[in-house]
Amino acid sequence: MHYFTALIRAGAGDDAQGPIRQQTYIRALQATGRVTTHYGTYRIDRRLMPKHPAELDDDGSLARVSVRKIEEKGSDVNLAVRMLLDAHRGEADLYCLLTNDSDQVTTIRTLQEEVGVSVGWISPMPTLRQSKALKQTGPALIACVTLDAVMASSLPEEVRSGRQTLRRPERWRPKTESPAGAGLSNR
């Protein structure tokens, strides 16, 4: 299995522990021996963007504000190249893509039309928020990630990595049913 991501940079967001949790997760995935991690990068730069809601300056032009724009770069291309390479090598009977990013339409169509393989699309989003463009590629399989699937495929609370024990961060612990049985609540 292949996992495509970019390492979160310290100070990039408002969650100082985010990079530590992400690196712990990646180490836990790698400790299973079944996941290969591929890295893109994050680009962080300042840009002038139109103010929202739109306002006009004194000269009648759109008012703009300086923002810090954070973009993940390369992960989607790395994923597409890996799928095409694996398909060219005949690595599987069905190639599944877990995304809601319509930028992957070309990947799916190329795999289907040029390489001639079956492609499955798994959406991480509920039906109403799924990419219409991805649906229109006519994948051989369409599925949606459910809470049950997430729970069934979650790593254990502790994972051994060499001499170290990696523990699931508290905020990543699964929600459990409340004592009154009134739905889900945080621990």
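So the values come out like this:
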{"item": "Filter pass, Arg171 being open to solvent by 40 Å² or more (accessible area, probe 1.4 Å) and either of a type in the set (Phe, Trp, Tyr) or at pLDDT 85 or above (or both)", "result": "no"}
{"item": "Filtered residues of segment 137-151 (kept if of a type in the set (S, T, N, Q), open to solvent by 50 Å² or more (accessible area, probe 1.4 Å) and in contact (Cβ under 8 Å) with a residue 12 or more places away in the chain)", "result": "none"}
{"item": "Pairs with Cβ under 7 Å, 6+ apart, first in segment 152-165 and surrounded by 10 or more Cβ atoms within 10 Å (Cβ to Cβ), second among the polar types (S, T, N, Q)", "result": "Glu158/Thr165"}
{"item": "Residue ranges of strands (runs of 3 or more DSSP E) in segment 59-138 with at least 2 members in contact with a Phe, Trp or Tyr (Cβ under 9 Å, 6 or more places away or on another chain) and of a type in the set (D, E, K, R)", "result": "64-73"}
{"item": "Residue in segment 13-26 that is open to solvent by less than 80 Å² (accessible area, probe 1.4 Å), part of a loop (DSSP other than H, G, I, E, B), in contact (Cβ under 8 Å) with a residue 24 or more places away in the chain and not acidic (Asp, Glu) present", "result": "yes"}
{"item": "Criterion (within 18 Å of Ala133 (Cα to Cα) and open to solvent by 60 Å² or more (accessible area, probe 1.4 Å)) met by exactly one of Leu111, Leu62, Leu56, Leu98", "result": "Leu98"}
{"item": "Residue match in segment 79-94 (condition: open to solvent by 50 Å² or more (accessible area, probe 1.4 Å) and within 30 Å of Asp14 (Cα to Cα))", "result": "no"}
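The values are calculated or read from the model by the stated rules, or taken from the named source; none is laboratory data. As the structure is a prediction and not an experimental result, all values here were calculated from the model. Here Cβ is always computed from backbone atoms with ideal geometry, including for glycine, and neighbour counts include all displayed protein chains. In case anyone asks, the SASA skips ligands and DNA or RNA and just uses the protein heavy atoms, side chains included. Shrake-Rupley method; radii C 1.70, N 1.55, O 1.52, S 1.80 Å.
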